[in-house]
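Right, one structure below, let's go through it.
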Amino acid sequence: MTCWAFYGMETIKQHSLGILNFFRDNFSYIIPIISYRTGIDKETVRKSVEIGVSLHDIGKTSKQYDRSYFGHEFYSGYLVYKILRECCDSELKPLVALAAMSHHQGMGGRTLNEMILKGNYTRIPSPYELREECRDDIVEILRKIGVEIKDFPQKVTISDVKSWFQKLNIKWKNLYVIILGPLMVSDTVVANKNRGGDQYNRIIEEYEKWIKVK
């Protein structure tokens, strides 16, 4: 079976590697900025951000994903965090995981405000269980980033995600949009290219929450 990012049109590997390449071509300049502001070495920052950006849809590698897996981003954030803890542990991992979790930030019911302030966990889908045919794709994506890990969670429950999310200690919140913005742009551009049409993503509306447009 195929490991899909968008059922029948785009695989996880196509989507993730497409986004990784687009990010490197257009947004790699944020790596030294984040390194300077956090004091974390550039290589750790690069690996961390590239993992969060390219694997923001890793939640879709679940056996539960068919034609829809609304709320998959909760599992994506959790899994990105666990991968970062093993490969390139730093204080940046909660922020990168949160950005991966928030890649549908422009959509109702899935905003940062609703997730954190309102504790809206009602959209978390049924428990995650790794689809075996997706394992090699994930490993290949990580290798393109220069990361090899022994393993990552194969089963994640809703309770696992809630407990982890409630304990997140976010540092450098002002850098959140610097990671999330390029992720959302890269996601939209690559999805449009691979899937065709005009995939709707309210990037501008989301930016306007952070940047005062005169």
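Working only within segment 143-176, note down all residues that are part of a helix (DSSP H, G or I), open to solvent by less than 40 Å² (accessible area, probe 1.4 Å) and of a type in the set (Val, Ile, Thr). Full working, then the answer.
Residues of segment 143-176 that are part of a helix (DSSP H, G or I), as a first pass: 143-145, 158-166, 173-176.
Filter once more, keeping what is open to solvent by less than 40 Å² (accessible area, probe 1.4 Å): 145, 161, 164-165, 175-176.
Scanning segment 143-176 gives Ile145, Val161.
Exactly one of (1) buried (at least 21 other Cβ atoms within 10 Å of the Cβ); (2) within 25 Å of Val156 (Cα to Cα); (3) among the hydrophobic types (A, V, I, L, M, F, W, C) is unmet by Phe6. Its number?
With respect to (1) buried (at least 21 other Cβ atoms within 10 Å of the Cβ); (2) within 25 Å of Val156 (Cα to Cα); (3) among the hydrophobic types (A, V, I, L, M, F, W, C), Phe6 is out only on (1).
Output the residue which, of all residues in segment 124-142 that are among the aliphatic types (A, V, I, L, M) and part of a helix (DSSP H, G or I), is surrounded by the fewest Cβ atoms within 10 Å (Cβ to Cβ). Break it down stepwise before answering.
Our first condition is that a residue be among the aliphatic types (A, V, I, L, M); within segment 124-142, this holds for 124, 130, 138-139, 141-142.
Those left that are additionally part of a helix (DSSP H, G or I): 138-139, 141-142.
Working: Ile138: 22, Val139: 14, Ile141: 22, Leu142: 21.
Residue satisfying both the conditions and the ranking: Val139.
Would you be able to tell me the number of residues in segment 1-55 that are touching a residue at least 60 places away in the same chain (Cβ under 8 Å), among the hydroxyl-bearing types (Ser, Thr, Tyr) and in a loop (DSSP other than H, G, I, E, B)?
The qualifying residues number 2.
Report yes if Thr11 is touching an Asp or Glu at 6+ places or on another chain (Cβ under 9 Å), open to solvent by 10 Å² or more (accessible area, probe 1.4 Å) and at pLDDT 95 or above, otherwise no.
Values: touching an Asp or Glu at 6+ places or on another chain (Cβ under 9 Å): yes; open to solvent by 10 Å² or more (accessible area, probe 1.4 Å): yes; at pLDDT 95 or above: no.
When the stated conditions are applied, Thr11 does not pass them.
Of all residues in segment 46-80, which are among the hydrophobic types (A, V, I, L, M, F, W, C) and under 13 Å from Ala97 (Cα atoms)? I'd like the intermediate steps shown before the answer.
Residues of segment 46-80 among the hydrophobic types (A, V, I, L, M, F, W, C): 49, 51, 53, 55, 58, 70, 74, 79-80.
Matches in segment 46-80: Val49, Ile51, Val53, Leu55, Ile58, Phe74, Leu79, Val80.
List the number of the failed condition for Ser90; all other conditions in (1) at pLDDT 80 or above; (2) closer than 19 Å to Ser16 by Cβ hold.
Every listed condition holds for Ser90 apart from (2).
Starting from segment 155-181, keep only residues that are under 23 Å from Phe70 (Cβ atoms) and at pLDDT 90 or above, then list their pairs with residues that are open to solvent by 50 Å² or more (accessible area, probe 1.4 Å) and not in a helix (DSSP H, G or I) whose Cβ atoms are within a distance under 6 Å, requiring at least 6 positions of separation or different chains.
Between residues of segment 155-181 that are under 23 Å from Phe70 (Cβ atoms) and at pLDDT 90 or above and residues that are open to solvent by 50 Å² or more (accessible area, probe 1.4 Å) and not in a helix (DSSP H, G or I), the close pairs are Lys155/Glu129; Thr157/Pro127.
The values are calculated or read from the model by the stated rules, or taken from the named source; none is laboratory data. A quick note: this is a predicted structure, and the numbers were derived from the prediction, not measured. Neighbour counts are summed over all protein chains in view; Cβ atoms, including those assigned to glycine, are modelled from backbone coordinates with ideal geometry. Accessible surface is based on the protein model in full, side chains and every heavy atom, while ligands, DNA and RNA are left aside. Shrake-Rupley method; radii C 1.70, N 1.55, O 1.52, S 1.80 Å.
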